[in-house]
Amino acid sequence: MERPTISVLINNYNYGRFVAQAIDSALSQQASNVEIIIVDDGSSDQSRFVLDGYDKRVKVLFQENQGQAAAINAAVKLSSGDILCFLDADDWWAPGKLSATAAAFHSNPQASLVYHRLQPTQTDGSPAFKPIPRTLCSGNLPPRLARSAGWWPFPMTSAVAVRRSAWDAAGDIPEQFRMSADAWLTGIYPFLGSVVALSDSLGFYRIHNNNWYRPVDDAAMLRKRMAHWQATVEATNRFLSAHDLAGRLRLTDHYPYRVASAKLQGADTRTRFSLAVEGLFFAGEPNLLRRTRDALRTAYDLPRLGQDVGLSESAR
């Protein structure tokens, strides 16, 4: 049997109502030499019943719940493809996703990571808003990441593919990334090779209560994001140090972190002006018009110092 060129790696936890669509979208791809591996991370819903229905068309591993990073790591260990394509069980792909991804890696031998846009959808699959990320970044990203504490308009897990040789160099995803394993993939792999962005929406990102997207963050989610961003900066710096790679990230350069802090505390006129200026020059957003709009809107919308910030304090 010919060795698979592409490994599709699906992580699932209690998404029995969605996972069949994810698997079917992988099975219907216009690409050859593909293997599909699903790791079920201790689901307690109907996932096993759904997965058992696929017979030998896919490889399935059932494990105790350990988090997204552990599920992806286990899937990679079972795989043999040269290209690793990740898919969350609540998302799905357009038919040309794998062929476009393989072509991009073939045309860019120095690429460690290839990604594309995703179309956000409601739970029922209807479109929610414009494809994400709005701004695309390609090429040599470390100089930009060094000035933005690693933040950039990065893609979600289901849009990411990496070269196996880069995975072997990076090693497993640290299991601290029980959620948002894409933060490791998009934070580390740009330091191991170039990045290729495909402008088409080749997948669909389902919005529901269990993922990171929120139309408006409450106080608990803001604190959760800040803790996640800090941990990601620390993990990236440990990786850079361990691999003798130049540069270190500074949390003070992380504009979204500073904005979240100001939203929780409120901002006086000086802080508001300072954040507006920082936003205008923030390296994490390459698009000047979008950066300017976001910086001015952020500064205007910040609550005043000492004002009731109007956020739910469910975590307090």
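The values are calculated or read from the model by the stated rules, or taken from the named source; none is laboratory data. This structure is a prediction, so every number in the text was calculated from the model and none was measured. All Cβ positions, even for glycine, are placed from backbone atoms using ideal geometry, and neighbour counts span all protein chains on display. Surface accessibility is based on the protein's heavy atoms, side chains included, excluding ligands, DNA and RNA. Shrake-Rupley method; radii C 1.70, N 1.55, O 1.52, S 1.80 Å.
Condition check for I6 on (1) open to solvent by 20 Å² or more (accessible area, probe 1.4 Å); (2) among the hydrophobic types (A, V, I, L, M, F, W, C); (3) farther than 25 Å from M179 by Cβ: one failure, at (1).
So that you can scan it fast, the table gives a plain yes or no per residue for (1) farther than 20 Å from D168 by Cα; (2) acidic (D, E); (3) in the same structural domain as L118 (by the TED database); (4) in contact (Cβ under 8 Å) with a residue 24 or more places away in the chain:
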site	(1), (2), (3), (4)
N11	no, no, yes, yes
D40	yes, yes, yes, yes
S43	yes, no, yes, yes
L61	yes, no, yes, yes
A69	no, no, yes, yes
D82	no, yes, yes, yes
A89	yes, no, yes, yes
W92	yes, no, yes, yes
K97	yes, no, yes, yes
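Scanning the stretch 241-281 for residues that are open to solvent by 70 Å² or more (accessible area, probe 1.4 Å), in a helix (DSSP H, G or I) and either of a type outside the set (V, I, T) or in contact (Cβ under 8 Å) with a residue 40 or more places away in the chain (or both) yields A242, T252, R258, K263, Q265, R270, F273.
Note on the stretch 1-39: residues that are part of a loop (DSSP other than H, G, I, E, B) and of a type outside the set (A, V, I, L, M, F, W, C) amount to 14. Criterion applied to R178, R238 was being open to solvent by 20 Å² or more (accessible area, probe 1.4 Å) and either small (G, A, S) or outside the structural domain of A74 (by the TED database) (or both), and the one residue passing it is R238.
When we screen W167, W151 for residues that are aromatic (F, W, Y) and not in a loop (DSSP other than H, G, I, E, B), the only hit is W167. Taking the conditions exactly as written (over 22 Å from S112 (Cβ atoms), in the same structural domain as G96 (by the TED database), among the hydroxyl-bearing types (S, T, Y) and over 14 Å from the mean Cα position of the chain (by Cα)), does S201 satisfy them or not? Spelling it out, S201 is indeed over 22 Å from S112 (Cβ atoms), in the same structural domain as G96 (by the TED database), among the hydroxyl-bearing types (S, T, Y) and over 14 Å from the mean Cα position of the chain (by Cα). Selection of the stretch 118-148 for residues being buried (at least 22 other Cβ atoms within 10 Å of the Cβ) and touching an Asp or Glu at 6+ places or on another chain (Cβ under 8 Å) yields only L118. Of all residues in the stretch 118-146, those that are without any contact (Cβ under 8 Å) to a residue 24 or more places away in the chain have Cβ atoms under 9 Å from Cβ atoms of residues that are in a helix (DSSP H, G or I) and surrounded by 17 or more Cβ atoms within 10 Å (Cβ to Cβ), 6 or more apart or on another chain, in P133/A159. Applying the criterion of at least 2 residues that are open to solvent by less than 60 Å² (accessible area, probe 1.4 Å) and in contact with a Cys (Cβ under 9 Å, 6 or more places away or on another chain) to the helices (runs of 4 or more DSSP H) found wholly in the stretch 40-108 leaves 97-107.
Picking from residues in the stretch 188-205 that are open to solvent by less than 10 Å² (accessible area, probe 1.4 Å) and of a type outside the set (A, V, I, L, M), the one that is nearest to D124 (Cα to Cα) is G203.
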